[in-house]
Amino acid sequence: MAESMKGLHRSHRCTEVSEKNIGETVTVMGWAAKKRNLGSLIFVDLRDRSGILQIVFDENDCGAEAFAKAETIKSEYVIAVVGKIDKRGGAINENLATGTIEVRAESLRILSESLTPPFQILDEVNVRDEVRLKYRYLDLRRPHIQKNLMMRSKVTNLVRGFLAEEGFLEIETPMLTKSTPEGARDYLVPSRVHPGNFYALPQSPQLFKQLLMCSGYDRYMQIARCFRDEDLRADRQPEFTQIDMELSFVDVDDVIDVNERLLQRLWKDCLGVDIQVPFKRMTWQEAMDRFGSDKPDTRFGFELKDISDVVKDCEFSVFSGAIANGGSVRGININGQGDMARKKIDALVDFAKGYGAKGLAYIQLKSDGSIKSSFSKFMKEEEMNAIIEKMEATTGDLLLFAADRDKIVYSVLGALRCEMASQLGLLDKDQYNFLWITEFPLFEYSDEEDRYVAMHHPFTMPMDEDVQYVESNPGRCRAKAYDIVLNGTELGGGSVRIHQDDIQEMMFRALGFTDEEAYDKFGFLLDAFKYGVPPHAGLAFGLDRLIMHMTKEDSIRDVIAFPKVKDASCLLTDAPNVVDSKQLDELFIAITKEEDMKEEQ
C-alpha cells in the first residue's frame, strides 16, 4: 500500500551526492530501476532524472520492518529512502557518476506501487515506436530521452539569455488568428460566438512580429508554438516550436551576425564544441548546381557535374531529348564504388525513381580497368571519354546520371548522393558543417495553380537589382532570403521584409492578387504600414530540429515530450477524436458522412 511523504523532504537528487558526502544522512526519492536480493542484503538502483544511485538494505541498519518492505519492491515502484552515504562495499561502477558510493538505508517508504511495465526502462531496450508512444510517460523515464529534454530546456534558457543581452524583448503573439493564403494548410478552430467563422492556429508569428516592428519594439523574440496541417517526416510535426525573432533597421548581414554568435554560444555552452564564425555562404543556385539541394550536406563530396554540353548531340535519346526539352544531364561520381554489384545498382535505380526519375544511367570504371555502362552502345568512344573526363573519374569509380527537367535532376541526384554517403558511413555526427544559403528565388511557378507563388512569403524583399523584374519577369527575381543549414538539415530561415508600399503592391500583382484580394487577406498589416514602418528583417529556427542535431538523434520525436505519429495522431491520448453532438451544435457544425455525401450527389 502506498505511503505518504508526511515529514519527509528530499535532500538531494540521486547524482547530487558524491564521496564528499560520505557519512552524511540524506533523503533520496525516485523509481526503483533494478533490484538484486542477495538474502542478507538487498540492492536497489534508485533512478531519478539526474541518474542512478545504489541503495543498500541491510537488516542491521534499517530494521526488520523496512527490510521486509524492501523485499516487496518491484520495478518502477516509487520509493523514499533515508540513509547514510558510504563508500561502495563491492565493485566500483565506472559507468555511473555515483559509482564509488552507495546509500546505507535506515528507513524506507513505498510512495507508489507499479504494474509491470510493457517494456524495460532502459536506453538499449528494443521496442516498437508505436508501443513507446502509447506509453510515452514510461518512455520519457529512459535516461537518454530525459537528457534530450533537459538539453532542450538548457538551450531555450540560453537562447533567452543571449537574445536579452542583444537587446531583444520577449513578446507573445496570438494563438487564435486569421487564416491566410500562400503557405501550408492551416489548422482551423471554429468560433462559438461567431457562427460559421473560424480562427486559424498560427503557422508562424510572421505578421504579428512585423506589426511589432511597426510598433517600435526594435528587436523581438519568442519561443513560439506553431501549427501546420501537412504531411509528417522524421523532422516534421503538425505542432512545433520556433525560436522566432525580428529586428528593425537591419539588413542581411546584421541578422546573420547575431545568429552565428547565438549558435556559437549554444554549441560552446551545451556541447563544449568551438564552432568558427563566420559560416560559409552559398547562393541558392550554386547549392542546387553543386549538391542538388537548397539544404546541402557538405560533409562529403559526390558533387553534381553538368555534362549537358558533352552529350547534347549524342545518339542516346534519353540524354539528348532531355536537353532538347529544356532540361539537363548531370551526374555524380561515387568514388571507389566502380565494382558495385548489379543488384545494388538496380536498387539505386529504384531509389531514384522514388524521386521522380524515369531511370538512372551509369558507368562503372571497374578496378580491373574495364568499363561497363548502361548506355555505351549509343555513344561514340570520344563521347564516353569526354564524359569520364568531365566527371573527373578514375579507375574504381561509379558514375550515376539523371536526365530530365532540372527540378527532377536536382531532386534525384541530391537525394542519391546523401543515400550513398549514408550507405558508405560518411555521415559523421561529430562534424558540424554550418552553411548559409542566400539569394533564393523570390517566386516559384506552381503547375497546380498555374501561377507564380512566393517561395517564402509575399512580404520578402527582392534583391535590390531585381526589383525592376518583379512584374515583368518574376522567374529571374532573387530574394533577400537566407537559410541556415547544418549537415543537410535546414535549421532555420528568414528574410529581409518589404517595407515600401510600391514594392509590396508589385509583389501582390505578380502573385495574381487584385487590390481587393490583397486587402481582404492582409489589410490589417497594409494599414499598419501606412503609419511609418522601419526596414526590418527576421529569422526563425526550428527548435526541434536544432535539438535533434545537438543530441545526435535521427528524429525530432526523441526531443519532443509528446510527439505525434505520421498521420498526425497522438497514440497516448488517442487524439484527434470525436466530440459529442452538443459541442458541435454549439459551434453550428454538422458532420456529414461520406456515404451520405455520395448519395446526395
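The values are calculated or read from the model by the stated rules, or taken from the named source; none is laboratory data. These numbers come from a predicted model, not from an experiment. For neighbour counting, all protein chains shown are included, and Cβ atoms are generated from backbone atoms with ideal geometry for every residue, glycine included. All accessible areas refer to the heavy atoms of the entire protein, side chains included, with ligands and DNA or RNA removed. Shrake-Rupley method; radii C 1.70, N 1.55, O 1.52, S 1.80 Å.
Given N residues in region 63-155, what is Rg(Cα) / (2.2 N^0.38 Å)?
So the Cα radius of gyration is 1.33 times the expected 2.2 N^0.38 Å.
Could you give the dipole magnitude of region 77-136 about its Cα centre, charging the beta-carbon of Lys and Arg +1 and that of Asp and Glu -1, in debye to the nearest 20?
The calculated dipole for region 77-136 is roughly 160 debye.
For region 332-426, just say rounded, prolate or oblate: build the C-alpha gyration tensor, square-root its eigenvalues into a ≥ b ≥ c, call rounded for a/c under 1.5, and beyond that prolate if a/b exceeds b/c, oblate if not.
It comes out oblate by the Cα gyration axes.
Mind checking which lysines have their C-alpha under 24 Å from Lys209, skipping anything on the same chain fewer than 8 residues away?
The qualifying lysines are Lys178, Lys480, Lys521, Lys530.
So what's the gap between the Cα centers of region 453-498 and region 139-217, to the nearest angstrom?
22
About its Cα centre, how strong a charge dipole does region 48-114 have in debye, to the nearest 20, once Lys and Arg get +1 and Asp and Glu get -1 at the Cβ?
Using Cβ point charges on Lys, Arg, Asp and Glu, region 48-114 gives about 180 debye.
For region 113-172, what's the radius of gyration and Dmax over Cα atoms, in angstrom?
Final numbers for Rg and Dmax: 17.2, 52 Å.
Give me the dipole magnitude in Debye, nearest 20, for region 1-159 about the Cα centre, with unit charges on the beta carbon: positive for Lys and Arg, negative for Asp and Glu.
Here the size comes out at about 640 debye.
Using 27 Å as the Cα-Cα cut-off, could you pick out the over-long pairs in Lys87/Lys154; Lys312/Lys358; Lys268/Lys566; Lys305/Lys366; Lys280/Lys358; Lys280/Lys429?
Pairs exceeding 27 Å: Lys87/Lys154; Lys268/Lys566; Lys280/Lys358.
Using the C-alpha gyration tensor of region 178-231, what are the square roots of 5 times its eigenvalues, in whole angstrom, with the largest one first?
Here the semi-axes work out to 24, 15, 10 Å.
Rounded if a/c is under 1.5, else prolate if a/b is larger than b/c, else oblate: which is region 382-460, with a ≥ b ≥ c the root eigenvalues of its Cα gyration tensor?
Note, shape of region 382-460 comes out oblate.
Going toward the positive end of the dipole of the chain, with +1 on Lys and Arg Cβ and -1 on Asp and Glu Cβ, which of Ser495, Ser215, Val44 do you reach last?
Checking the options against the dipole of the chain, the answer is Val44.
Express the C-alpha Rg of region 1-160 as a ratio against the empirical globular expectation 2.2 N^0.38 Å, rounded to two decimals.
1.08
Dividing the convex hull volume of the alpha carbon atoms of region 157-298 by its residue count, what do you get in Å³ per residue?
Hull volume normalised by residue count: 165 Å³.
Amide H to amide H under 5 Å from Arg478: which residues, 5+ apart in sequence or cross-chain, H placed 1.01 Å off N in plane?
Sorted by chain and number, the residues that satisfy this are Leu442, Met463.
Restricted to Cα positions, what overall size does region 473-539 have along the principal axes? Three whole-Å values, descending.
Its Cα atoms span 43, 28, 18 Å along the three principal axes.
Go through Gly475, Ser308, Ser18 and say which Cα lies farthest out towards the positive end of the charge dipole of the chain; charges sit on Cβ, +1 for Lys and Arg, -1 for Asp and Glu.
Farthest towards the positive pole: Ser18.
Count neighbours as other Cβ atoms within 10 Å of each site's Cβ, and list the GluC sites (Glu not before Pro) in region 447-517 that are DSSP loop with at most 14 such neighbours.
Those that pass, being in a loop and sparsely packed, are Glu448, Glu449, Glu471.
Report the gain in length on full extension from Asp350 to Glu444: 0.36 nm times residue separation, minus Cα-Cα distance, nm rounded to one decimal.
31.0 nm
Given bins 5 angstrom wide, list per bin the percent of all Cα-Cα distances in region 369-424, short to long.
With a bin width of 5 Å, the distribution comes to 4, 15, 21, 24, 22, 11, 3.
Show me 271-278, 53-60, 550-557 ranked by packing, highest mean number of other Cβ atoms within 10 Å first.
In descending order of packing, they fall as 53-60, 550-557, 271-278.
How large is the Kirkwood hydrodynamic radius of region 494-601, in angstrom, based on all distinct alpha carbon pairs?
Computed over region 494-601, the radius equals 19.7 Å.
Based only on Cα atoms, what Rg/Rh ratio does region 418-523 have, Rh being taken as Kirkwood's radius?
1.12
Find the all-direction average of the projected area of the Cα convex hull for region 85-232, expressing the result in square nanometres with one decimal place.
So the mean shadow area of the Cα hull is 17.0 nm².
If contacts are Cα pairs under 8 angstrom and at least 6 residues apart, what is the relative contact order of the chain in percent?
The value is 13 percent.
What percentage of the solvent-accessible surface of the chain, computed with a 1.4 Å probe over protein heavy atoms, is contributed by carbon and sulfur atoms?
Exposed carbon and sulfur together represent 48 percent of the surface.
If region 7-50 were replaced by its equivalent ellipsoid, with semi-axes equal to the square roots of 5 times the Cα gyration tensor eigenvalues, what would those be, largest first, whole Å?
Semi-axis lengths for region 7-50 are 20, 14, 11 Å.
If you scale each eigenvalue of the Cα gyration tensor by 5 and take the root, what three semi-axes come out for the chain, rounded to whole angstrom and sorted largest first?
Result for the chain: semi-axes of 51, 36, 25 Å.
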